[in-house]
Amino acid sequence: MVSGATGGVGSFAVQLLRLRRTRVVAVASARHQDWLASQGAALVGYGSGVAERLRRAIQSDGGGTAHAFLDFHGGDYPRIALSLGVPPSRINTLDYGAAAALGTRSQGSAEGTDRAVLAELAGLAASGRIEVPISRAYPLAEVRAAFAHLEHDHPLGKVVLLPNVAPGSIKAGAARAAAE
């Protein structure tokens, strides 16, 4: 299971799990259902009742067991994963406080920025085996607008900040070209 499955990091996790032929139950916005389906992931919408929807999703695959939980959102997801029977050692969350309180893991930032890992990801992207979804690019001076976009729109993929671009110079639809 992956919460925040269509965010900047979660979208990579979903694709990497697909490459390993892992069944993925993805917690995300319903508007990203087509992208998740193209990755072979089952969508569970976030919000009230998510724990029960996750329980039904894992039971529908016949095994009824969740083996791991990657939490790229925070909040109650580590507790939900535990309630679904996921062992604490198989839960990884970005919520350091929850990890400490519940005995789960909180690894990723340092490990994910290792030169060898980044080179492998770049190779996978260059070969077309994974994509790098870019929602929108912003000049660095518009960082507040970028965070508002993240917080309110829950976009698919990365939001990119560009340090040497003048405010107002990026046109809609040009996010990928500006970020490259």
All-but-one check, Gly40 against (1) within 13 Å of Ala5 (Cβ to Cβ); (2) open to solvent by 50 Å² or more (accessible area, probe 1.4 Å); (3) out of contact with any helix residue (DSSP H, G or I) (no Cβ under 9 Å at 6 or more places or on another chain); (4) among the small types (Gly, Ala, Ser), failing number (3)
Looking only at segment 126-140, filter to residues that are out of contact with any strand residue (DSSP E or B) (no Cβ under 9 Å at 6 or more places or on another chain) and either open to solvent by 40 Å² or more (accessible area, probe 1.4 Å) or among the acidic types (Asp, Glu) (or both); which one of those is nearest to Tyr77 (Cα to Cα)?
Arg129
Among the residues listed as Ala110, Ala100, the single one being open to solvent by 50 Å² or more (accessible area, probe 1.4 Å) and under 23 Å from Phe147 (Cα atoms):
Ala110
If you check Gly85, Gly74, Gly64, which single one turns out to be touching a residue at least 24 places away in the same chain (Cβ under 8 Å) and either within 19 Å of Thr22 (Cα to Cα) or open to solvent by less than 40 Å² (accessible area, probe 1.4 Å) (or both)?
Gly74
Just the residues that are within 21 Å of His149 (Cβ to Cβ), of a type in the set (Val, Ile, Thr) and part of a loop (DSSP other than H, G, I, E, B), please, taken from segment 1-26.
Thr6, Val9
Residue match in segment 113-129 (condition: of a type in the set (Val, Ile, Thr) and farther than 26 Å from Pro155 by Cβ):
no
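The values are calculated or read from the model by the stated rules, or taken from the named source; none is laboratory data. Note that the structure is a prediction, hence the values are computed from the model and not measured. Every residue, glycine as well, gets a Cβ built from its backbone with ideal geometry; the counts of neighbours run over all protein chains shown. We work out accessible area using only protein heavy atoms, side chains counted, and drop any ligands, DNA or RNA first. Shrake-Rupley method; radii C 1.70, N 1.55, O 1.52, S 1.80 Å.
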